Amino acid sequence: MHITFTEAALGRIDQLRGDTVGQLHLYYDTEGCGCGNSGIFSIRLVSAATSEDMTIDSNVGPVLVKRWSSHFLDQEMTLDYNAEKKSLILKSDGQYFNTNVLVTDQTGCQLTVNR
């Protein structure tokens, strides 16, 4: 499994993260979604991996993902940024996983930029 971060996506993540430290985690959030197979992916900045995590390859190094959520992903994916909509987009050749990927801190709080 591999994810390519475009330069535009990396720039947006850096802008949002500011001084927030942490490893990139492609986090599958099911909070408020009703059931485990109805969730949404976000980028979470975490301090450490847990026993539930595995890594997937990327052009910026290993990215964490929960083992149980990896079956929702495709073998080759891209995280891009749409500047007009100010949104990160997780996609593959076959589908869009999320057209508004949020970047959050370790607790799940959304990181924002005042611009």
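Given a Förster distance of 35 Å, report the FRET efficiency between Thr99 and Ala48 from their Cβ-Cβ distance, rounded to the nearest 0.05.
Once the sixth-power term is evaluated, E becomes 0.75.
Starting from the alpha-carbon convex hull of the chain, give the projected area averaged over all orientations, in nm². Before the final figure, lay out each step's value.
On the way: hull surface 28.8 nm².
Across all orientations, the chain yields a mean hull projection of 7.2 nm².
For each of Ser47, Ser58, Ser70, count neighbouring Cβ atoms within 10 Å of the residue's Cβ, then give the residues from fewest to most. Please list the in-between numbers first.
Numbers: Ser47 9, Ser58 17, Ser70 13.
With the sparsest Cβ surroundings first, the list reads Ser47, Ser70, Ser58.
Return Val60, Val101 ranked ascending by Cβ neighbour count within 10 Å, so the fewest neighbours appear first. All intermediate terms of the calculation are to be shown ahead of the outcome.
Working: Val60 14, Val101 24.
Lowest count first: Val60, Val101.
Add -39500 (n - 2.57) for each DSSP H run of 4 or more in the chain, then divide by its residues: what number comes out at 222 nm, to the nearest 500 deg cm²/dmol? Each step should come with its number before you reach the end.
Details: 1 runs with 11 residues, N = 115.
Helix contribution divided over all residues of the chain: -3000 deg cm²/dmol.
Round to the nearest 0.05 the FRET efficiency obtained for Met1 and Val113 when R0 = 22 Å and r is the Cβ-Cβ distance. Spell out each step's value before the answer.
Details: r = 30 Å, r/R0 = 1.34.
After rounding to 0.05, the efficiency reads 0.15.
Summing Lys, Arg as +1 and Asp, Glu as -1, what charge do residues with Cβ under 9 Å from the Cβ of His2 carry, His2 excluded? Working shown, then result.
On the way: positive: none; negative: Asp57, Glu76.
Result for the neighbourhood of His2: -2.
Would you work out the charge dipole size for the chain about its Cα centre, treating the Cβ of every Lys and Arg as +1 and the Cβ of every Asp and Glu as -1, and quote it to the nearest 20 debye? Before the final figure, lay out each step's value.
Values: 9 positive and 14 negative charges, 52 e Å.
Computed about the Cα centre, the dipole is about 260 debye.
By DSSP, what percent of the beta bridges with both residues in the chain are antiparallel, rounded to the nearest 5? Spell out each step's value before the answer.
On the way: 20 of 30 bridges.
Percent antiparallel among DSSP bridges in the chain is about 65.
All of the numbers you see were taken from the coordinates with simple rules; none came from a lab. What you see is a predicted model, and the numbers here were worked out from it, not measured in a lab. Note: ideal-geometry Cβ built from the backbone for every residue, glycine included; neighbour counts use all protein chains shown.
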